[in-house]
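To start, the structure itself, in structure tokens.
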Amino acid sequence: MIGTAAFAAMLGGGVTAMAAPTADVSSVVFKAKGVCETLYNRDVRICRALPLPQARAVCYAAAAAKYAACLAGN
């Protein structure tokens, strides 16, 4: 079985820690939603192809975290 870190590396970076939200969001740069959705859909296609349910669960969680980070401009 593949470890979480190795699996995250296969997905192109995996999950990174996110900073706590701040009250001042004026400096936040958001990416176009379409770009983020395209990346998310690519990741989800990879997740669907994984044979093990546990691997798919980790994959979907990583894809969701990457999507959120993308929308936040990271």
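The requirement of being among the polar types (S, T, N, Q) and at pLDDT below 55 is fulfilled somewhere in segment 6-28, by at least one residue. Close Cβ contacts (under 6 Å, 6 or more residues apart or on different chains) running from residues in segment 57-74 that are in contact (Cβ under 8 Å) with a residue 12 or more places away in the chain and over 14 Å from R42 (Cα atoms) to residues that are of a type outside the set (A, V, I, L, M) and buried (at least 19 other Cβ atoms within 10 Å of the Cβ) comprise L71/C36.
The values are calculated or read from the model by the stated rules, or taken from the named source; none is laboratory data. Quick caveat: nothing in here was measured; it's all calculated off a predicted structure. So basically every Cβ, Gly included, is an ideal-geometry build from the backbone, and we count neighbours across all protein chains shown.
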